[in-house]
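The structure appears right after this line, and notes come after that.
The values are calculated or read from the model by the stated rules, or taken from the named source; none is laboratory data. In this text, all values refer to a predicted model and were calculated from it rather than measured experimentally. Here Cβ is always computed from backbone atoms with ideal geometry, including for glycine, and neighbour counts include all displayed protein chains.
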Amino acid sequence: MPIPTSLKHKPVIVCDNYENIDGRKAYSSDAKYLSLGLAQWNDRGTIDIAAKIWRHTGEKWSRQSEEMSLNRVLDLAILIIRSQAYFRDAYKFSRLYDEEQVQIDRIGMQGDAMNISVCTENECLDTDIKLFRDALLKDDEIISERCKILSTLLKEAGY
């Protein structure tokens, strides 16, 4: 099925086989395409680029399709990579985090910083953090493959 081009998001660059490479959902994913294009929230006279995950229910395009600004996509990548690195050593803590120092990192950007911390407001943190760690471990091969590709591409691009 072709990607919709009559909607507000105007795809320019697409991954047309995302359903075949969507992690554990590969070959059975409802996410059919990834695209970079003109953002649906563009106002007259302004142009923003956004990334979109196109989901299809099998019968129609889903309202759960998501569009994100490129900086948010990259911010999520930063958060994923930093979290993955943190959990490699989290076994050192009995609760998988340092109760005295819940901040994992503070990464400077745009004159401020992205604070990355364990969410101690979560009432089920002791259970949820173990489930989170287990899911990261289960998907380590899938995530690590993508991180290595990203690292190679960043080096090739001069970053």
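Contact annotation: residue pairs with Cβ atoms under 8 Å, 6 or more positions apart or on different chains, pairing a residue in region 128-151 that is surrounded by 13 or more Cβ atoms within 10 Å (Cβ to Cβ) with a partner that is among the β-branched types (Val, Ile, Thr), are Ile129/Val118; Leu136/Ile143; Ile143/Ile80; Cys147/Ile81.
Tell me, which residue of region 31-47 that is surrounded by 15 or more Cβ atoms within 10 Å (Cβ to Cβ) and in a loop (DSSP other than H, G, I, E, B) is farthest from the chain's Cα centre (by Cα)? It comes out as Asn42. If you take the residues in region 5-30 that are charged (D, E, K, R) and part of a loop (DSSP other than H, G, I, E, B), which one is nearest to Ser65 (Cα to Cα)? Going through the qualifying residues, I end up with Asp30.
Considering (1) assigned to a strand (DSSP E or B); (2) over 30 Å from Pro4 (Cβ atoms), the lone condition that Leu131 does not fulfil carries the number (1). Ala77 meets all of the listed conditions (1) of a type outside the set (S, T, N, Q); (2) closer than 27 Å to Asp140 by Cβ; (3) free of Cβ contacts under 8 Å to residues at least 40 places away in the same chain; (4) exposed (fewer than 15 other Cβ atoms within 10 Å of the Cβ) but one, namely (3). Scanning for something within 19 Å of Cys147 (Cα to Cα), not assigned by TED's automatic domain parsing to the domain that holds Leu131 and not charged (D, E, K, R), does region 76-97 turn up at least one residue? No; the residues of region 76-97 include none that is within 19 Å of Cys147 (Cα to Cα), not assigned by TED's automatic domain parsing to the domain that holds Leu131 and not charged (D, E, K, R).
Every test in (1) under 21 Å from the mean Cα position of the chain (by Cα); (2) in contact (Cβ under 8 Å) with a residue 12 or more places away in the chain is passed by Asn71 save one, and that test is (2).
Might you let me know whether region 13-20 holds any residue that is aromatic (Phe, Trp, Tyr), exposed (fewer than 13 other Cβ atoms within 10 Å of the Cβ) and at pLDDT 90 or above? Scanning region 13-20, I find no residue that is aromatic (Phe, Trp, Tyr), exposed (fewer than 13 other Cβ atoms within 10 Å of the Cβ) and at pLDDT 90 or above, so the answer is no. Of all residues in region 95-116, exactly one satisfies the criterion of being assigned to a strand (DSSP E or B), of a type in the set (Asp, Glu) and surrounded by 12 or more Cβ atoms within 10 Å (Cβ to Cβ), namely Asp105. Take Lys92 and decide whether it is loosely packed, with under 14 Cβ neighbours inside 10 Å and modelled with pLDDT of 95 or more. Yes.
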